[in-house]
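Taken together, the values in this text are just the output of simple stated rules run on the coordinates, not laboratory data. All values derive from a computational prediction rather than experimental measurement. A quick note on method: Cβ atoms are made from the backbone with ideal geometry, for glycine too, and the neighbour counts reach across all protein chains shown.
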């Protein structure tokens, strides 16, 4: 399991290779990459809570490993100033079969959006502003637990 | 104990962190929010919609009724928007 927070960009191909290098038991690698959308913004700055962000992602990786038979997990989240087209986040999951790899990657992204302490501030021509959390993100995470969305409590 | 503020909570209060020594009557995170709100208009502004603000004690998410006894680090921040 690898969880990294960094300012620098990441190389998706290199991360997949790292996950599966020297192994013949892996039959599926799923990746999700979050990318900074243009959407009228000049740039965005990602703030995070050092220490807690890593800990929170690691807690959810441990939960994913308990739920699915994973053979490897990599999560990389960038912070600092990003411009449209830049990578933001990578989740890569490896398993024997695709079902676990797909499901675990989706689970990790849903929880990462809802629970990992990161905040986006957008720079627009008309001024800067903090991105507001979306109710749909709480609903997406809630489907894994059958409980009500946290944000609606 | 050490308080940390992030995103617009940090901007409204005007500092990223501080050391505080709250009175003994402050038992929970919610009590702490009420006490902080009385410290000045920048705090009152940051916590004006206290129910939307999230808290963490020693890097774990907690609810407003969580006790603060023994906490080393308490953080306040808006709902998260990473990913």
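In this label model, residue B:52 and residue A:11 are separated by 4.2 nm, measuring between points 7 Å along each Cα→Cβ vector. For chain B, set up a Gaussian network in which alpha carbons nearer than 10 Å are linked by springs, and say which option among B:38, B:50, B:30 fluctuates the most. Of B:38, B:50, B:30, the Gaussian network model singles out B:38 as fluctuating most. For the residues of A:25-37, the average number of beta carbons from a partner chain within 10 Å of their own beta carbon is 0.
The angle separating the long axis of helix A:52-67 from the principal Cα axis of greatest extent in chain A is about 40 degrees. Peptide A:111-121 has a mean shielding of 5, counted as Cβ atoms of other protein chains within 10 Å of each residue's Cβ. The calculated 222 nm mean residue ellipticity attributable to helices in chain B amounts to -7000 deg cm²/dmol, summing -39500 (n - 2.57) over DSSP H runs of n ≥ 4 and dividing by all residues.
Can you tell me the length gained on complete extension of the stretch residue B:72 to residue B:41, counting 0.36 nm per residue apart and subtracting the Cα distance? That works out to 8.6 nm of additional length. For the peptide A:49-62, the mean number of other protein chain Cβ atoms found within 10 angstrom of a residue's Cβ is 3. When only Cα pairs below 8 angstrom with a gap of at least 6 residues are kept, chain B shows a relative contact order of 38 percent. The simple spin-label model puts a point 7 Å past each Cα toward its Cβ; for residue A:26 and residue B:18 those points are separated by 4.8 nm.
Evaluating kT/(6 pi eta Rh) at 25 °C and 0.890 mPa s, with the Kirkwood radius of the stretch B:2-77 over Cα pairs in the Stokes-Einstein relation, gives 202 µm² s⁻¹.
Here the Kirkwood formula, the inverse mean of 1/r across different C-alpha pairs, assigns the protein assembly as shown a hydrodynamic radius of 19.0 Å.
Legend: ranking of residues B:51, A:77, B:61 from fewest to most surrounding C-beta atoms inside 10 Å; resulting order B:51, B:61, A:77. Of the peptides B:5-15, A:102-112, the ranking by mean beta-carbon count within 10 Å, highest at the top, reads A:102-112, B:5-15. With viscosity set to 1.002 mPa s and temperature to 20 °C, compute the Stokes-Einstein D of the stretch A:10-69, Rh being the Kirkwood radius across alpha carbon pairs; µm²/s, no decimals. Answer, rounded: 143 µm²/s.
For the pair the stretch B:62-82 / the stretch A:1-69, the C-alpha centres are spaced 25 Å from each other. Among A:133, A:141, A:101, which one shows the highest mean-square fluctuation when chain A is modelled as a Gaussian network with alpha-carbon springs under 10 Å? Evaluated over chain A, the most mobile residue of the options is A:133.
Between A:39, A:137, A:128, the Gaussian network model of chain A with springs among Cα atoms under 10 angstrom shows the greatest mean-square fluctuation at A:39.
For the stretch A:2-144, the relative contact order is 33 percent, taking Cα pairs closer than 8 Å that sit 6 or more residues apart in sequence and dividing their mean separation by the residue count.
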